[in-house]
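Read through the structure below, which is laid out as structure tokens, and then see the notes.
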Amino acid sequence: MDRAIASLFLFLVLALPVNAEVGIELGQQEFLENCAVCHGESASGNGPVSRFLRIEPSDLTKLARDNGGEFPFERVYQVIDGRTEVALHGPRKMPVWGYKYLKDWEKNTDPTQQEVPAEDFVTGRILSLIRYIQTLQSE
């Protein structure tokens, strides 16, 4: 993602909450590119590599249901980011996306002309993904 796209991405996700559709579309793209391989396109935990994993991927459509009907935003954010150990949630079962997104920012942004701070870039990608996952919640 080049600097212009990263800037637009962050602007659309964070600065335009009224245009939730854009954030959801970006989150869907993020999900399909990075999460569906394990969680499946429907997010139910049945991605193409899920049968090869020692620990079954979570059914992301049941996060709110399994949390008393409320979407566990903070927990989902921490699990996706992964850079902070969350002791109560047990051992880490999935990639640390916070570091991956940070590496994407470092790799694809000209350090002399960085318009989007690294943490804002990481946060924008995680928030768009969470917005999308929220739309997938079942009753």
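Points worth noting:
- Summed over region 41-57, the residues that are farther than 17 Å from E30 by Cα and of a type in the set (S, T, N, Q) give a count of 2.
- Of everything in region 64-82 that is under 14 Å from the mean Cα position of the chain (by Cα) and part of a loop (DSSP other than H, G, I, E, B), the residue that is nearest to E119 (Cα to Cα) is G82.
- Residue in region 80-93 that is surrounded by 12 or more Cβ atoms within 10 Å (Cβ to Cβ) and at pLDDT 90 or above present: yes
- Restricting S44, S58 to residues that are modelled with pLDDT under 95, surrounded by 15 or more Cβ atoms within 10 Å (Cβ to Cβ) and either outside any helix (DSSP H, G or I) or in contact with a Gly (Cβ under 9 Å, 6 or more places away or on another chain) (or both) narrows the list to S58.
- One residue stands out among those in region 26-41 that are touching a residue at least 40 places away in the same chain (Cβ under 8 Å) and part of a helix (DSSP H, G or I): the one that is surrounded by the most Cβ atoms within 10 Å (Cβ to Cβ), which is G27.
- Residue selected from region 101-139 under the condition among the charged types (D, E, K, R) and surrounded by 15 or more Cβ atoms within 10 Å (Cβ to Cβ), by the criterion modelled with the highest pLDDT: R131
The values are calculated or read from the model by the stated rules, or taken from the named source; none is laboratory data. Small disclaimer: the values here were computed from a predicted structure and weren't measured. With ideal geometry, Cβ positions are generated from the backbone for all residues, glycine too; neighbour counts draw on all protein chains shown.
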